[in-house]
Amino acid sequence: MARAIWKGAISFGLVHIPVSLNTAVRTERVDFDWLDKRSMEPVGYKRVNKVTGKEIDKENIVKGVEYEKGHYVIISEEEIRNARPEATQTIDIFSFVEATDIPLQHFDTPYYLSPDRRGGKVYALLRETLESTGKVALATVVLHTRQHLALLRPLDDALVMITLRWPEEVRGLETLELDKSVTDAKVDKRELDMAKRLVEDMSGPWTPEDYHDAFRQTILDLVEEKASKGKISVVEKGEGTAEKGADIIDLTELLKRSLGGKKAAPEKKPTKRSRKASSG
């Protein structure tokens, strides 16, 4: 069983569902480390002044946001810490929308949700409610000190949480500047029929096990071949929280009380910053 990366609760109305968050995807890219070819020692990154080219000490580095070209506003570490959202350990549902209403370009990272601490019954209730209504739940959640917009939706017997990109992170289709040859195209019926036949001829079932990253596999095969011939260089290399869930009380009573009031949604149009800040 996959190890949970986060534990907390789904919250909607007065109902809390204790859950564990598990990654639904994994990165399988080949990781190339930098090595000094003379000694096979790891090569790191230096802090270098881009104007003088000189290396500088960590204590002389501050963080700034470019306000205008060449002009920066300095933000202290304390100000960055104070700006971070409070980690509430809850997935706070604030609304339900049609599953088809959210454009694909807003989707970011999927996670599996599993019930925790006797939360199975109410977990199943939310899953069945979403399934029967065709809705998805919109929520906010704090992961790794960053607040995310997210949706919850059923997947077979489980619930899936998908983090969403904030609206200001998504470019509109108008940025493509499509001309009239696309927007006002008059497709020839004969060509369309032939294209449909081609699609039909090439159609088949979704079989993900048939698809592989050819580059990664080629590199891994090359590594295996070289290692089997003893072509291995020894490198000395250093080795680089769970919170309590919410207890469940009488579910029927909580649902009744929840119907008496609705939780406020986050602002739909958050204050837009003229410049992007980066704390990394």
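The values are calculated or read from the model by the stated rules, or taken from the named source; none is laboratory data. None of the values given here were measured: they were computed from a predicted structure. For neighbour counting, all protein chains shown are included, and Cβ atoms are generated from backbone atoms with ideal geometry for every residue, glycine included. These accessible areas exclude ligands, DNA and RNA; they are computed on the full protein's heavy atoms, side chains included. Shrake-Rupley method; radii C 1.70, N 1.55, O 1.52, S 1.80 Å.
Quick notes on this structure:
- Summing Cβ point charges (Lys, Arg +1; Asp, Glu -1) relative to the Cα centre of segment 1-137 gives a dipole of roughly 380 debye.
- Here is the list for segment 67-120: trypsin sites (Lys or Arg not before Pro) lying in DSSP coil, each with at most 15 other C-beta atoms within 10 angstrom of its C-beta, are Lys69, Arg118.
- Carbon-plus-sulfur accessible fraction, segment 1-155 (probe radius 1.4 Å, protein heavy atoms only): 51%.
- In this label model, Ile80 and Glu253 are separated by 4.7 nm, measuring between points 7 Å along each Cα→Cβ vector.
- Label-to-label distance for Val187 and Thr133 is 3.6 nm, based on points extended 7 Å past Cα in the beta-carbon direction.
- Counted charge near Thr145, where neighbours are those whose Cβ lies closer than 11 Å (Asp, Glu -1; Lys, Arg +1): +2
- Selection of GluC sites (Glu not before Pro), segment 110-182, meeting DSSP coil and at most 12 other Cβ within 10 Å: Glu177
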